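Q: Have a look at this one before I ask anything.
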Amino acid sequence: MAEVKTDEVEEIEPEESELIQEGEPIQDSESIGALELKKRLEVAQNLAEERLDQLKRCRADLDNTLKIAAREREEHARYASEKLISKLLCVLDSLEQASKHDEGCRVLYNQLLDVLKGEGLEAITALGQKFDPYKHEALMQVKSDELDEDYVAQEIQRGYTLNSRVIRFSKVAVVKR
């Protein structure tokens, strides 16, 4: 019979093997029959396959969790400046109004707008566009012979997107017949 190293053999818990009953005398390895050894081997192999399957599932769960966490970190970093930019929009609006009357304010407005565009801010085009409830907020309805129904006739307050996400809707007047 081949010699087996004891450090390579995994112990099998008695409740899983169900081969050795309580009170049954333990036989030495020479008196155990070939059938008994095959049964024990089969039980050990089934247990090993089951544990390997569990390990693979756990590894897949870990990989999925790591991917989700990386995606969330990336999204958080991408929109981290949204709160600050949202607060600056009222300053941008004021500078836009002042720039209509003063050239110095026009320069300041363009500089601030360039900085915010560098962070991913884009103005929403509304005037003359078809009303889109995902980008526009209708404040009133107006009659117009120049535009078709459900088109934006007037932009009351400009809306903005940050990295393609709407952070402020355009406040508009929509044509109704």
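The values are calculated or read from the model by the stated rules, or taken from the named source; none is laboratory data. Since we're looking at a predicted model, the values are computed, not measured. For neighbour counting, all protein chains shown are included, and Cβ atoms are generated from backbone atoms with ideal geometry for every residue, glycine included.
Q: Under 6 Å by Cβ, and 6 or more places apart or on different chains, what pairs join a residue from the range 118-145 that is outside any loop (DSSP other than H, G, I, E, B) with one that is among the polar types (S, T, N, Q)?
A: Cβ pairs passing all conditions: Glu122/Thr161; His136/Ser170.
Q: Checking the structure you have, find out if any residue of the range 47-67 is part of a helix (DSSP H, G or I), touching a residue at least 24 places away in the same chain (Cβ under 8 Å) and touching a Phe, Trp or Tyr at 6+ places or on another chain (Cβ under 9 Å).
A: Checked the range 47-67: no residue is part of a helix (DSSP H, G or I), touching a residue at least 24 places away in the same chain (Cβ under 8 Å) and touching a Phe, Trp or Tyr at 6+ places or on another chain (Cβ under 9 Å).
Q: Across the range 101-137, what is the number of residues that are charged (D, E, K, R), surrounded by fewer than 11 Cβ atoms within 10 Å (Cβ to Cβ) and under 25 Å from Ala80 (Cβ atoms)? Let's see the steps before the verdict.
A: Here is the first cut: in the range 101-137, the residues charged (D, E, K, R) are 102-103, 106, 114, 117, 119, 122, 130, 132, 135, 137.
Now restrict to residues that are surrounded by fewer than 11 Cβ atoms within 10 Å (Cβ to Cβ): 103, 114.
Narrowing further to those that are under 25 Å from Ala80 (Cβ atoms): 114.
The number of residues fulfilling the criteria is 1.
For (1) surrounded by 11 or more Cβ atoms within 10 Å (Cβ to Cβ); (2) closer than 19 Å to Arg165 by Cβ, each residue gets a yes or a no:
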residue	(1), (2)
Ala44	yes, no
Leu47	yes, no
Leu52	no, no
Tyr79	yes, yes
Lys87	no, yes
Leu92	yes, yes
Ser99	yes, no
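Q: Go through (1) touching a residue at least 60 places away in the same chain (Cβ under 8 Å); (2) farther than 30 Å from Glu74 by Cα and name the single condition Tyr160 misses.
A: Evaluating Tyr160 over (1) touching a residue at least 60 places away in the same chain (Cβ under 8 Å); (2) farther than 30 Å from Glu74 by Cα leaves (2) as the failure.
Q: I'm told Gly159 meets every condition in (1) among the small types (Gly, Ala, Ser); (2) surrounded by 15 or more Cβ atoms within 10 Å (Cβ to Cβ); (3) touching a Leu at 6+ places or on another chain (Cβ under 8 Å) except one. Can you identify the failing condition by its number?
A: (3)
Q: With respect to Leu66, is the statement that it is of a type in the set (A, V, I, L, M) and more than 30 Å from Leu147 (Cβ to Cβ) true?
A: Judged against the criteria, Leu66 is a match.
Q: I'd like to check something: does the range 76-86 contain any residue that is modelled with pLDDT under 90, part of a helix (DSSP H, G or I), of a type in the set (Ser, Thr, Tyr) and under 36 Å from the mean Cα position of the chain (by Cα)?
A: Yes, the range 76-86 has at least one match.
Q: As an exercise: evaluate Thr65 against (1) modelled with pLDDT of 85 or more; (2) more than 25 Å from the chain's Cα centre (by Cα) and give the number of the one condition it does not meet.
A: Result: Thr65 fails condition (2) only.
Q: Tell me, which residue of the range 159-177 that is outside any strand (DSSP E or B) and at pLDDT 95 or above is nearest to the chain's Cα centre (by Cα)? Steps first, answer last, please.
A: First, the residues of the range 159-177 that are outside any strand (DSSP E or B): 159, 163-164, 169, 176-177.
Remaining after also requiring at pLDDT 95 or above: 159, 169.
Numbers: Gly159: 25, Phe169: 23 Å.
Filtering the range 159-177 for residues that are outside any strand (DSSP E or B) and at pLDDT 95 or above, the one nearest to the chain's Cα centre (by Cα) comes out as Phe169.
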